[in-house]
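Notes to accompany the following structure.
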Amino acid sequence: MQCISLNNSFVEHIRSSSIFELVTPPSFALSVFRLVPGAMGNKEDADAETLNVLNRAFYDDLQTCSNIALTHTSISGVFCIRFVVGSLRTEQSDIDDAWTTIRESGEKILAMKGYNS
């Protein structure tokens with residue numbers, strides 16, 4: 001049960017962010033999300049492949065971080081990132097630390113690609 005509750009905390013970070021969106025509704029301890037420039041504002045300006053390229057760069061950057069392990073998937077042609085709370089030892093501080101890493105990486109990639117976050 002704690003894993004689901006902690007995942008819900010992560011979901012709230014995503015929902016309150018201006019640069020991320022959920023790709024699917026959360027499922028138990030799993031969340032699927034992606035980076036979207038300017039939140040919903042510029043999304044219409046970026047085609048699906050542009051967003052996929054952006055999210056691949058975002059995922060590649062996250063893979064260089066030693067404090068987080070995420071996987072990726074493609075859903076109906078949308079490249080996205082999977083976040084799962086799978087350890088009984090996970091605490092809220094772990095979720096907050098993961099969120100900081102994800103947010104900072106997303107902001108860095110958007111800046112590198114010329115988007116305003």
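A few notes on this one:
- Taking all C-alpha pairs of the stretch 2-112, those more than 24 Å from each other amount to 18 percent.
- Karplus (6.51, -1.76, 1.60) ³J(HN,Hα), θ = phi - 60°, over the stretch 7-12, in Hz, Gly and Pro reported as x: 5, 4, 5, 4, 4, 5
- For the stretch 54-60, 3J(HN,Hα) computed residue by residue from phi via the Karplus equation (6.51, -1.76, 1.60; θ = phi - 60°) reads 4, 6, 5, 5, 4, 4, 4 Hz, glycine and proline entered as x.
- For the stretch 69-117: rounded, prolate or oblate by the Cα gyration tensor [a/c cutoff 1.5]: oblate
- Between Ser87 and Leu30, the simple spin-label model (points 7 angstrom out along Cα→Cβ) gives 2.0 nm.
- Theoretical gain in end-to-end length, Asn67 to Lys113 [0.36 nm per residue, Cα-Cα removed]: 14.2 nm
- Taking every C-alpha pair closer than 8 Å and separated by at least 6 residues, the mean separation divided by the residue count of the stretch 2-112 gives a relative contact order of 30 percent.
- Förster radius 41 Å - calculated FRET efficiency between Val53 and Glu12, Cβ distance, rounded to 0.05: 0.90
Bear in mind that the values in this text are calculations on the coordinates, not laboratory data. Computed from a prediction, not measured in an experiment: that's the story for all the values here. Don't worry about glycine lacking a Cβ; one is built from the backbone with ideal geometry, like all the others, and counts go over all protein chains shown.
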